[in-house]
Every structure is written in structure tokens, then in C-alpha cells.
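Data first, discussion second: the structure below is written as C-alpha cells.
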Protein chains: 2
Amino acid sequence: MKNIDVINILINHFTRLPGVGYKSAERYAYKIIDADDEFVASFARAMLDVKALVKLCDRCGNFSTDPECAICMRRGIADTICVVRDPKDVIAIEKSGAYGGSYHVLHGVISPLDKKGPDDINLKSLIIRVRDEQITEVIIATNPDIEGEATANYIAALLKPSGVRVTRLAQGLSLGTNLEYVDEVTLGAALKNRTSL
Amino acid sequence: MKNIDVINILINHFTRLPGVGYKSAERYAYKIIDADDEFVASFARAMLDVKALVKLCDRCGNFSTDPECAICMRRGIADTICVVRDPKDVIAIEKSGAYGGSYHVLHGVISPLDKKGPDDINLKSLIIRVRDEQITEVIIATNPDIEGEATANYIAALLKPSGVRVTRLAQGLSLGTNLEYVDEVTLGAALKNRTSL
């Protein structure tokens with residue numbers, strides 16, 4: 001029955017991935033059994049490599065294999081900082097091509113329900129950066145949900161004494177949205193922040 | 001930019017798993033980065049272990065770390081063989097607790113569209129087993145779809161000369177089905193194979 005154990009161990013590991021249930025994990029494990037040796041070896045290698053090589057950028061907290069991440073190295077000291085929750089959000093904003101400044105990754109948001117306070121996220125170094133890098137604007141790009149809004153307000157209050165301009169991503173309609181299905185808060189914000197044509 | 005490469009390599013590996021798109025693969029990769037070293041090491045180990053240790057049972061073709069699988073070892077030579085498409089199906093039937101004989105795993109079905117003929121599945125050894133193990137019944141448990149039905153009919157014709165009884169899993173209503181939504185083929189089969197109360 002050893003074979004069942006070996007496969008079950010792998011299935012259990014797959015179920016630890018976000019959103020993966022037992023059935024999916026089983027399919028992934030069977031795929032690994034069917035895959036060629038080379039693929040499985042490089043898959044395992046890729047996992048260990050990522051874990052061993054990827055650290056956090058000393059400056060902005062983004063993922064990096066070097067002490068400073070690619071964006072910080074490329075752009076040097078900018079005059080704006082865009083504050084995001086996760087490294088994933090950096091990629092999303094970079095893909096938009098609409099921003100050319102530096103980033104600051106919080107690695108979480110303030111969330112009393114999850115027992116996450118201001119000291120549990122990468123916030124202290126933001127204050128130091130705003131002072132030392134002579135930043136003129138901090139754009140807070142946390143998600144437009146309760147925790148994201150609370151974190152944005154907290155950061156804005158924290159930065160007030162420094163005199164830096166603090167902004168928040170605009171709320172409004174997404175491309176392709178059907179007006180009928182837009183929630184009232186978003187529609188209210190879209191009306192309030194309407195732009196001239 | 002090396003960090004992006006390391007992460008991308010892992011994401012690309014995840015996208016090779018069945019049903020995993022780029023966004024999911026990205027989430028899995030970030031989960032690996034966030035996970036503790038121990039988990040990632042044991043995950044990679046589990047993958048390599050499965051690939052290195054899991055072979056096919058010499059007799060029935062089920063997954064096994066030994067030359068003979070746990071079911072074949074436990075049950076010895078039975079008088080019925082249940083023919084299934086994949087090792088997953090063995091687990092499903094075992095879970096039902098309704099069968100106590102031995103299995104035969106085809107590792108696929110006959111599918112001209114995928115260029116899979118009778119020689120591409122584990123079929124030859126079934127004929128030999130039916131003869132040598134003095135089997136009295138072969139239950140064909142391939143899926144009730146076009147390829148599964150075609151494969152079942154092909155195997156039945158192949159086994160005809162041996163005189164063994166060949167049966168097929170019953171088609172009918174699933175537990176909890178709403179009659180209104182049952183397809184006509186299934187409903188037809190359920191009527192035809194109705195049982196006395």
C-alpha cells in the first residue's frame with residue numbers, strides 16, 4: 001500500500017495551494033505521474049529555486065533575487081511612490097504602462113479581524129523613504145475594499161505631518177461594465193468623480 | 001530582472017497542470033514563495049518521489065511502487081476483472097465498496113480522433129489474463145461516452161471467442177438527479193433497465 005501513500009503525500013501538498021480542492025489535487029498528482037521525468041525534475045527544481053533565490057527588495061519590498069529589485073535598479077530614486085498590497089499588484093500596475101515611479105509593497109493590509117495591525121505590514125520603511133527620498137506624491141493603490149480603504153486612510157493620516165501629497169486610485173466604472181449591474185458605491189463614486197469631455 | 005525569470009519558470013510549470021490557467025498558476029507560484037522552506041522542500045520531494053517510485057503493476061496496470069499493486073497482492077487471483085480507463089477509476093470503484101474482484105487498467109480508450117488504436121492501450125495482457133486466470137466475468141467500466149462505449153464494444157467482441165461473460169456498468173439515473181434535467185439517452189436506458197420493487 002506504499003504506492004497509495006506516496007501519491008497521497010503529493011495530493012496533500014497540492015491541496016495546500018490556494019483554491020485547490022481534493023479532486024483537482026488528485027488530477028494534478030496523476031498528471032505528475034504521467035509527465036516525463038525531465039518535466040517533473042525541472043518543476044521540483046523551479047520550486048526550490050524560487051524559494052531559495054527570491055527575497056524581498058531592501059528598498060521597496062518587492063520580490064527580488066538581488067538586494068534591490070529590477071524596478072528600483074532601473075528607475076533609481078523617483079519622486080512618487082505607489083503603495084500596493086502584494087508583489088502581484090506591482091506586476092498589474094506595470095502592465096498598465098501608466099506609471100513610471102517607484103513602488104512600496106506592504107505585504108498585507110491592516111485587518112483587525114485577521115489580527116493584522118500597522119506593525120505587521122511593511123509600513124515603517126515607507127515613512128523613512130518618504131523623508132529620505134524626497135518624495136512628492138504617495139499614490140495608495142490598495143484594493144477598494146474595507147481593509148484596503150482602512151489601510152489607505154491610516155497611511156494618509158500617518159503621512160500628513162510630512163506634508164507629502166497622498167492620493168488614492170480613482171473609483172469608477174470598469175471597461176465593459178454594464179451600468180445596470182454596477183454596485184451603488186461604485187456608481188456614486190463614478191458620478192462624483194465625473195470627468196469633462 | 002533575474003527574479004522575474006525564476007518566478008516565471010515556476011508559473012509556466014504550473015500552467016502545464018490540467019485546467020490551470022495563467023492567473024491560477026501565478027497564485028500558486030506566489031503561494032510557494034510565501035510558504036515556509038520545509039513545505040516547499042517536501043512538496044518538491046513528493047513530486048520526485050512519485051515520479052521515481054510509482055510504476056505500473058505487472059498484472060493489472062494500476063499504479064504501484066511494487067511489481068504487484070496492493071489490490072492484486074491483497075486479493076490474489078479473483079474470478080472477475082473490472083476493466084477501467086485510468087487508475088483514478090480504480091480508486092472510485094474501491095470507494096463504492098461494491099466490488100471485490102481484480103482490475104485491469106487500460107490507460108486510455110480507443111479514440112481514432114486522438115490517433116489511439118487498440119494497440120495503444122493496455123489491452124493485450126487482458127486477453128492473456130482472461131485465459132490464464134480462469135476469469136468468469138469481465139465487467140467493462142469505461143466511461144459512458146462515445147470513446148468509452150466504442151472501447152467497451154471492441155473489448156466485448158475481442159473476448160467473445162473465449163466464452164467469458166462480458167458485462168457493462170448499468171446506465172440510469174444518478175442519486176439526487178432531477179428527472180427534468182436528465183438527458184434522453186440516460187432516461188431511455190433507465191426505463192429500459194428498470195428494476196422490480
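Put a dot 7 Å past the Cα of A:Lys115, heading toward its Cβ, do the same for B:Glu38, and the two dots end up 1.8 nm apart. For A:Lys55, inter-copy separations between label points set 7 Å beyond Cα along the Cβ vector come to 4.4 nm, shortest first. Cα centroids of region B:129-197 and region A:80-121: 56 Å apart. Applying a DSSP loop filter and a limit of 14 other Cβ atoms within 10 Å to the trypsin sites (Lys or Arg not before Pro) in region B:120-197 leaves B:Arg194.
Hey, what angle do you get for helix B:2-15 against the long axis of chain B, alpha-carbon based, 0 to 90 degrees rounded to 10? Taking Cα atoms only, the helix is inclined about 10 degrees. For A:Lys51, a cut-off of 12 angstrom between C-alpha atoms picks up these aspartates and glutamates, skipping any fewer than 8 places away in its own chain: B:Asp34, B:Asp36, B:Asp37, B:Glu38.
A Cβ-based charge dipole, computed about the Cα centre of region A:21-106 with Lys and Arg at +1 and Asp and Glu at -1, lands at about 280 debye. Remark: the protein assembly as shown is approximated by an ellipsoid whose semi-axes, taken from the C-alpha gyration tensor as √(5λ), come to 57, 27, 17 Å, largest first.
Volume per residue of the convex hull around the Cα atoms, evaluated for region B:1-57, comes out as 98 Å³.
Calculated mean residue ellipticity at 222 nm for chain A: -14500 deg cm²/dmol, from DSSP H runs with n ≥ 4 weighted as -39500 (n - 2.57), summed, divided by the residue count and rounded to 500. Taken per residue, the accessible surface of region B:58-163 reaches 50 Å², heavy atoms only and a 1.4 Å probe.
Ranked from shortest, the separations from the 7 Å Cα-to-Cβ label point of A:Lys192 to its equivalents in the other copies are 6.6 nm.
Projecting the Cα atoms of B:Ala78, B:Ile93, B:Leu187 onto the dipole axis of chain B, where Lys and Arg carry +1 and Asp and Glu carry -1 at the beta carbon, places B:Ala78 farthest toward the positive end.
The angle between the Cα long axis of helix B:37-53 and the longest principal axis of the Cα atoms of chain B comes to about 40 degrees, rounded to the nearest 10. With the gyration tensor restricted to C-alpha atoms of region B:103-197, the semi-axes of the equivalent ellipsoid amount to 28, 18, 10 Å, longest first. The C-alpha atoms of chain A define a longest principal axis, and helix A:146-159 lies at about 50 degrees to it. Residue and distance for the chain B Cβ closest to the axis that moves B onto A, in whole Å, come to B:Ala44, 2. Taken over the Cα atoms of region B:152-197, the convex hull encloses 110 Å³ per residue.
Any idea what % of Cα-Cα pairs in chain A are farther than 24 Å? Roughly 57 percent, once rounded to a whole number. Mean-square fluctuation check for chain A, GNM, Cα pairs under 10 Å: which of A:Val185, A:Val54, A:Val130 is largest? Judging by the Gaussian network model, the answer is A:Val185. The GNM of chain B, with springs linking C-alpha atoms under 10 angstrom apart, assigns the highest mean-square fluctuation among B:Leu123, B:Leu48, B:Leu106 to B:Leu48. Comparing A:Leu169, A:Asn122, A:Asn62 along the charge dipole axis of region A:57-179, the residue lying farthest to the positive side is A:Leu169, per the Cβ-charge model. Note on the protein assembly as shown: with charges restricted to the Cβ of Lys and Arg (+1) and Asp and Glu (-1), its dipole about the Cα centre is near 0 debye.
The interface between chain B and chain A buries about 5000 Å² of solvent-accessible area in total (1.4 Å probe, ligands and nucleic acids excluded). Please pull out the direction-averaged projected area of region A:1-103, using the convex hull of its alpha-carbon atoms, in nm² to one decimal place. The directionally averaged projection comes out at 8.9 nm². For region A:46-87, the convex hull spanned by the alpha carbon atoms encloses 69 Å³ per residue. DSSP finds beta bridges in chain B, and of those with both partners inside it, around 20 percent are antiparallel. Distances over 14 Å make up what percent of all Cα-Cα pairs in region B:65-146? Tail of the P(r) past 14 Å holds 65 percent of the pairs. The other copies place their A:Pro112 label points at 7.0 nm from this one, listed shortest first, where each point is 7 Å from Cα along Cα→Cβ.
A Förster distance of 22 Å, applied to the separation of the beta-carbon atoms of A:Ser174 and A:Ala98, puts the FRET efficiency at 0.90. Dipole orientation for region B:15-63: of the candidates B:Ala35, B:Met47, B:Val20, B:Val20 has the Cα lying most toward the positive pole (charges on Cβ; Lys, Arg +1; Asp, Glu -1). Placing +1 on the Cβ of every Lys and Arg and -1 on the Cβ of every Asp and Glu, with no other charges, gives chain B a dipole of roughly 340 debye about its Cα centre. For the pair region A:45-71 / region B:1-59, the C-alpha centres are spaced 18 Å from each other.
For the listed residue pairs A:Lys124/A:Lys192; A:Lys95/B:Lys31; B:Lys88/B:Lys192; B:Lys23/B:Lys116; A:Lys23/A:Lys95; B:Lys116/B:Lys160, the alpha carbons are over 24 angstrom apart in A:Lys124/A:Lys192; B:Lys88/B:Lys192; B:Lys23/B:Lys116; A:Lys23/A:Lys95.
The values are calculated or read from the model by the stated rules, or taken from the named source; none is laboratory data. No experiment lies behind these values; they were computed from the predicted model shown. Neighbour counts are summed over all protein chains in view; Cβ atoms, including those assigned to glycine, are modelled from backbone coordinates with ideal geometry. Calculation scope for accessible area: heavy atoms of the full protein, side chains included, ligands and nucleic acids excluded. Shrake-Rupley method; radii C 1.70, N 1.55, O 1.52, S 1.80 Å.
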